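The values are calculated or read from the model by the stated rules, or taken from the named source; none is laboratory data. Keep in mind it's a predicted model, so treat the numbers as computed, not measured. Cβ coordinates were reconstructed from backbone atoms using ideal geometry, including for glycine residues, and neighbour counts include every protein chain displayed.
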Amino acid sequence: MLAELERASKNDKRLAELLVNAGEFAEIYRMARKRQKGCDGMGELAMVKEEFRDSIDKMIQYGKERNYIDETVSYEIDSLADELSRL
């Protein structure tokens, strides 16, 4: 999914912005996830995770509307955060 969106973003400014935004949230989420110790910071992590999920959902919805990706896309949030941070 990310490969298709990354390719399409080269010719679509709005998608490129959404991809950068999701990548930034991915980095924040990954840092918060690493720093979490036991139950400390669970509320903050949940909030960051939700913001990251919202940014992904916006990017995916845009990609579906433009037919860059299939309608049946699914993802696992931790894996996607790791993948986005590599872009």
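Can you find a residue in segment 21-28 that is in a helix (DSSP H, G or I), farther than 11 Å from A81 by Cβ and touching a residue at least 40 places away in the same chain (Cβ under 8 Å)? So far as segment 21-28 goes, no, none of its residues is in a helix (DSSP H, G or I), farther than 11 Å from A81 by Cβ and touching a residue at least 40 places away in the same chain (Cβ under 8 Å). With respect to M59, determine if the residue is in contact (Cβ under 8 Å) with a residue 24 or more places away in the chain and out of contact with any His (no Cβ under 6 Å at 6 or more places or on another chain). For M59, the condition - in contact (Cβ under 8 Å) with a residue 24 or more places away in the chain and out of contact with any His (no Cβ under 6 Å at 6 or more places or on another chain) - is met.
Checked against the criterion of being free of Cβ contacts under 8 Å to residues at least 24 places away in the same chain, part of a helix (DSSP H, G or I) and surrounded by fewer than 13 Cβ atoms within 10 Å (Cβ to Cβ), segment 68-81 has at least one qualifying residue.
When L18 is tested against (1) within 20 Å of S79 (Cβ to Cβ); (2) outside any helix (DSSP H, G or I), just one condition goes unmet, and that condition is (2). Answer yes if at least one residue in segment 34-42 is farther than 20 Å from R7 by Cβ, polar (S, T, N, Q) and surrounded by fewer than 19 Cβ atoms within 10 Å (Cβ to Cβ), and no otherwise. Looking for residues that are farther than 20 Å from R7 by Cβ, polar (S, T, N, Q) and surrounded by fewer than 19 Cβ atoms within 10 Å (Cβ to Cβ), one finds at least one in segment 34-42, hence yes. Just checking, does segment 5-25 include any residue being surrounded by fewer than 14 Cβ atoms within 10 Å (Cβ to Cβ), out of contact with any Lys or Arg (no Cβ under 9 Å at 6 or more places or on another chain) and modelled with pLDDT under 90? No, there is no match, as no residue in segment 5-25 is surrounded by fewer than 14 Cβ atoms within 10 Å (Cβ to Cβ), out of contact with any Lys or Arg (no Cβ under 9 Å at 6 or more places or on another chain) and modelled with pLDDT under 90. Applying the selection to segment 61-87, what residues are β-branched (V, I, T) and either at pLDDT 95 or above or in contact with a Gly (Cβ under 6 Å, 6 or more places away or on another chain) (or both)? Once the filter is applied, which keeps residues that are β-branched (V, I, T) and either at pLDDT 95 or above or in contact with a Gly (Cβ under 6 Å, 6 or more places away or on another chain) (or both), segment 61-87 yields only I69.
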